[in-house]
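In what follows, a structure is listed as structure tokens, so that the remarks can point back to it.
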Amino acid sequence: MSAAIVLPNSLRGRMARSGMVLPMNRWLKMPRQGPSCNNFRNRYHFRKCESEEGEELMRAVLVRQPGGPDALELVELPVPTPGAGQVQIRAEAFGVGQPDVLIRRGVYKWMPPLPANPGNDVAGIISAVGAGVEDLRVGQKVLLSARDLSQRGGCYADYVVAPADAIHVLPDNVDLQAAVCLSNYQVAYALLQECRHPRAPASVLVIGAAGGVGTALVQLAKLAQMTVIGTVSTKEKAEFARSNGADHVIFYRRQDVVARTRELTGGAGVGLVLDHVCGPEFTSYLKVLGKWGTLLSYNAFAGLPEENLMAAMRNHLDICPAVRCFSFHIYDHDREGRRALMRNVIEALSRNAIKPAISAVLKLDDVRQAHTLLEQGSALGKIIMTR
């Protein structure tokens, strides 16, 4: 795998010229000087212009010092050109996800070198192809995930150059804003279909059923004909989860999740629990499992469980529970497995079997606001950005 060519994650050595990299708030307040560079389309979007050397410029987002949303800088950089075996993508939509936030904070386990472009998902149109590229053409709709690159990040920019074999070609009928949400569905598909549960689960408890991955899990679980129970925090999120297919919702702040799940299943429990929170309540979910049930952790936003997990499991020997810890990085060196997952969800999207729920659509210039919304935890579905 190779990295996407978006300064500075991969085009090492071709750094921005002096005076071209400014904190984003300065870009928003003061246009560049010069006859061809001092027009803005609106307050937050500056016009692409030509440098003195004749190079076409583009916008990109960089993080030089990790931190909060203010660490995101909007900069002008030369538009990268594709080399042999590469394609240039004119970006139309960008996904905003937790890996982007972790890169911005500087705490991602798979951190690219700083300064870094924190974006990990982009959908757009092929605008140029390099020598030797035969199966792709200018004008095709495509999706690029940094999961298919040698390092994460690199996708928050007007133009991205990437290896041709990292690109996912999209059917003509697929909407690019919906397509950029598919990384969440790729994870959800792996959780539901690839984790080799002892017996195919007929029911699932989704913790956080109104989030980006949670919404994907609900939709794909219903597609697999499972009964779906989802936990939510508000009435608005409950309505949203139901609209995406959840059969039942539990208000985790005021209801006992374990007792309510047992009640909803007639005491039988569920075949699968999908949890991204972990923390002190994790082991309690063993109590909602039915026979041969699996408790699956795919993140740990609240930290690790405090209780002895093996001791807790042995308290439920009558159901033979399983606990699995999942990370999509298991596919880092499994190209075919990773891309097969994406092909499956692209196909589902093309026939309208899934419908990505987009919570907010912002401009690339508003990247700080997008990250702030994500960290507030109030989004219903996926946050995306456009040009």
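Scaled against the 2.2 N^0.38 Å expected of a compact globular protein of N residues, the Cα radius of gyration of the stretch 305-360 reads 1.79. Of all DSSP bridge pairs formed entirely within the chain, close to 60 percent run antiparallel.
Taken per residue, the accessible surface of the stretch 253-387 reaches 49 Å², heavy atoms only and a 1.4 Å probe.
Near Tyr285: Cβ cut-off under 13 Å, other residues only, Lys/Arg at +1 and Asp/Glu at -1. The net charge is 0. Note on the chain: Cα convex hull, mean projected area over all directions, 19.5 nm². Over all distinct alpha-carbon pairs, what is the Kirkwood Rh of the stretch 254-387 in angstrom? Over the stretch 254-387, the inverse of the mean reciprocal pair distance is 17.9 Å. Helix 335-350 versus the longest principal axis of the chain: what is the Cα-based angle in degrees, 0 to 90, to the nearest 10? Its long axis makes an angle of about 90 degrees.
Only lysine pairs 8 or more places apart or on separate chains count here, and in the chain those with Cα atoms under 16 Å apart total 5. Between Asp334 and Ala259, with labels modelled 7 Å along Cα→Cβ, what's the label distance in nm to one decimal, could you check? The modelled label-to-label distance comes out at 4.0 nm. For the stretch 145-209, the solvent-accessible area works out to 29 Å² per residue, with a probe of 1.4 Å and every protein chain left in place. A quarter of the convex hull surface defined by the alpha-carbon atoms of the stretch 98-193 gives 7.3 nm² as the mean projection. Near the amide H of Val249, within less than 5 Å, lie the amide hydrogens of Gly230, all on another chain or at least 5 residues away, with H placed in the peptide plane. Local charge for His316 was computed over the other residues whose Cβ lies under 15 Å away, with Lys and Arg +1 and Asp and Glu -1, and equals +2. Taking the C-alpha atoms only, the angle from helix 182-193 to the longest principal axis of the chain is near 30 degrees. For the chain, modelled as a GNM whose springs connect Cα atoms under 10 angstrom apart, the maximal fluctuation among Gln193, Gln177, Gln255 occurs at Gln255.
Taking amide hydrogens as placed 1.01 Å from N in the peptide plane, the amide H of Leu289 sits under 5 Å from those of Val270, each at least 5 positions away in sequence or on another chain.
The values are calculated or read from the model by the stated rules, or taken from the named source; none is laboratory data. Because the structure is predicted, anything quoted here is derived from the model rather than measured. Note: ideal-geometry Cβ built from the backbone for every residue, glycine included; neighbour counts use all protein chains shown. Areas reflect the complete protein model, heavy atoms only, side chains present, ligands, DNA and RNA absent. Shrake-Rupley method; radii C 1.70, N 1.55, O 1.52, S 1.80 Å.
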